[in-house]
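Below is one structure, written out as structure tokens; comments come after it.
What follows is calculated from the coordinates using simple rules that are stated; it is not laboratory data. Because the structure is a prediction, the values reported are computed rather than measured. A quick note on method: Cβ atoms are made from the backbone with ideal geometry, for glycine too, and the neighbour counts reach across all protein chains shown.
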Amino acid sequence: MTVTTSEPLYEMDGRRLYYTFIAGARKVIEHQVELNKINVFPVNDGDTGTNLASTIRAVVDTLHPHRSYKITAERIAETTLVNARGNSGIIFAQFLYGLSIETANFKTITIGQFAESLKKSVRYIYEAVANPVEGTMLTVIRDWAEYIYENRFTITDFNEMFISSLKVLYQSLLETKTKLAVLSRANVVDAGARGFVFFVEGITDFIAKRNLKELVQAKAETTLFEKIEESIPEKPEFRFCTEALIKDCKTDIPSMRVVLDSFGNSIVVAGSDRMRRIHIHTDTPAELFNVLRKTGTLTFQKADDMVRQSDVVYNRKWKIAIVTDSTCDLPQEFIDNYQINLLPININFGENHYLDKVTIQPEQFYNLLEENLHYPKSSQVNEKAFTNIYSHLASHYDSVIAIHVSDKLSGTFNSSQRAAHSISTEFNKPISVINSKTLSGALGLVVMRMALAIEAGFSHQQVVEMAENWTSKAKVLVSVRDIKYLIRGGRLSATKGLIARILNINPIVTIDESGKAAVFDKAFNQRANMEKVMSHVKNFTKGKSVWNYIVLHANNDEAASWYAKKMEALTNKKPVSVINISPVIGANVGVGAAAIAYLPE
């Protein structure tokens, strides 16, 4: 039987709250491209829609309704707070958090009770933002809450309340143009505020014409949006949009703001001591997180490159985007110039969480490797991170090609593949994911060649086919100086390690054809080991020319210099770069390791 939603609703329970939220959430997800296109404040990096969609998508994907309004409100608030992204996402999550806190333990609520909790929740969002600015989502939520509170005695039907509130929302949204000069110049309304209006519009659509069965079964499809006028690009004041989730926080909100204020701007501090969510724009995320670790347990970190995001919106060089992960070792200059999107692998030293090459750099990592009692563990880039980046890129590019560390070494490829399938369907755009079956400089050389192929005008499918061919040819040979790191990391058993140490054996590690790490050869000291590596390279490239190569090392400049000279003599080419190897890889091969990655023509 069809359950319509047009009947008056005098009390709302947990199930109806849940379905109301889902209806609003789907509308935001469907219109995330439009929100990205009109995003100019506080930074015009074109990701407000992606951030809001990410914040609410977890509720759509994971939560189930409870009969109690209070319990459902708490579950929605906690889920959005944990998954919040960006200024607007965290403000919206904080609004829901305030709503749940200010709601008594009701199984059902009336409009009067809802209006009271709504009015009280507004102060939570204003208190969370260090420098509240009118003409944003803050203003629109406040105006909406005030309308409902003022009409709590005259309107008793929730359906009528939501529908009648649209007029106030539209007026408040339109006025954002006049309240913020940056919006007036760009001739757009505030993107976060528009997102909230979409949310309420989704609820009224559900009230007017949908039924519960259709709502539950419907899959949100993103609507493409062509903006009539282009916004004026502005360089972000700070490079990284940085966020953290701190559990059991020992620092109160005012003190936390003082700490954050010395690192940047656009500060939002949401949640409670039990679960504190912070947002800040900064140039020094690694230094910031080093300080934040003293305030509680850091269970999540994020540092999005706003310069790269701004380039995606305003300075796209090509129509195909490239995505890879931080095991890809390439010069930063090349990554920046070719607008390559690099997602960091997670690294954990005990309870301390780091983002590879973002909140911890190779030099810092190798120092910690020597000093720390906990041996570092790495974990894959999760599916949600890929969902976020693919949503953002699909808003601006015709297609995306991703290539990742071997699936035999990390679950990153599988996470990427699942997210790609979902977002490709949602946006109706091709997203191809390639298993490189390698890592480090070998992966870097394939990515480099892909970028040059896109620059040369090859099609999406041509680049995918060529990349799959290049991955079968790219090689990396790592000369290990001390096998204790292979033992500590579990790549070599303690028994075999003991024998090797007694015999003073130094292995040469490579990645085999299936993508697994393997001991390729061995010698009795590192210099002999390196000589063997060069001998193998000569044999591998006999009768072939080397397209390019990269020299890599783990805090071993001397060995890297030796390799660079030998390879230049062999190939008559200077290396693409001499790079301190990715911490994720350095955790396994250890301090002192040196490597050559090369790709034949």
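Some points to look at:
- Bridges between two residues of region 257-392, per DSSP, are antiparallel at a rate of about 75%.
- Remark: relative contact order (the chain) = 12 percent; criterion is Cα-Cα distance under 8 angstrom and separation of 6 or more residues.
- Among the GluC sites (Glu not before Pro) in region 526-589, none is located in a DSSP loop while being surrounded by at most 12 other Cβ atoms within 10 Å of its own Cβ.
- Applying the criteria of a DSSP loop state and at most 14 other Cβ atoms within 10 Å to the trypsin sites (Lys or Arg not before Pro) of region 509-570 yields Lys516, Lys542, Lys544.
- Residue range of the chain that is longest and free of chymotrypsin sites (Phe, Trp or Tyr not before Pro) which are both DSSP loop and sparsely packed (at most 11 other C-beta within 10 Å): 154-523
- Each Lys or Arg adds one and each Asp or Glu subtracts one; over the other residues with Cβ under 9 Å from the Cβ of His281, this totals -1.
- Ellipticity estimate at 222 nm from DSSP helix runs (n ≥ 4, -39,500 (n - 2.57)) divided over the chain, nearest 500: -16000 deg cm²/dmol
- By the rule of a C-alpha distance below 21 Å, with chain neighbours fewer than 8 residues away ignored, the lysines paired with Lys317 are Lys37, Lys227, Lys235, Lys429.
- Within the chain, DSSP assigns beta bridges of which about 75% are antiparallel (rounded to the nearest 5).
- Straight-distance crosslink candidates among lysines, where the alpha carbon sits under 16 Å from Lys209 and sequence neighbours closer than 8 are dropped: Lys27
- Only Lys, Arg, Asp and Glu carry charge here, each on its Cβ (+1 for the first two, -1 for the last two); on that basis the chain has a dipole of about 1700 debye about its Cα centre.
- In the chain, a dipole from Cβ-located charges (positive for Lys and Arg, negative for Asp and Glu) runs towards its positive end, and of Val447, Ile22, Thr154 it is Val447 whose Cα lies farthest in that direction.
- Cα-based reach from Lys573 at 22 Å (exclusive), listing lysines while leaving out same-chain residues under 8 positions away: Lys473, Lys475, Lys532, Lys538, Lys542, Lys544, Lys565
- Under a 5 Å amide H cut-off, with hydrogens placed 1.01 Å from N, Thr297 pairs with Lys247 among residues at least 5 apart or on other chains.
- All other residues whose Cβ lies under 13 angstrom from that of Tyr124 are scored, Lys and Arg at +1 and Asp and Glu at -1, for a net of +3.
- Scalar couplings 3J(HN,Hα) for region 180-197, obtained by applying the Karplus form with A = 6.51, B = -1.76, C = 1.60 to θ = phi - 60°, are 10, 4, 5, 6, 4, 4, 8, 6, 9, 8, 5, 5, x, 5, 4, x, 5, 5 Hz; x denotes Gly and Pro.
- Toward the positive end of the charge dipole of region 12-217, with +1 on the Cβ of Lys and Arg and -1 on the Cβ of Asp and Glu, the farthest Cα among Pro42, Asn87, Ile56 is that of Ile56.
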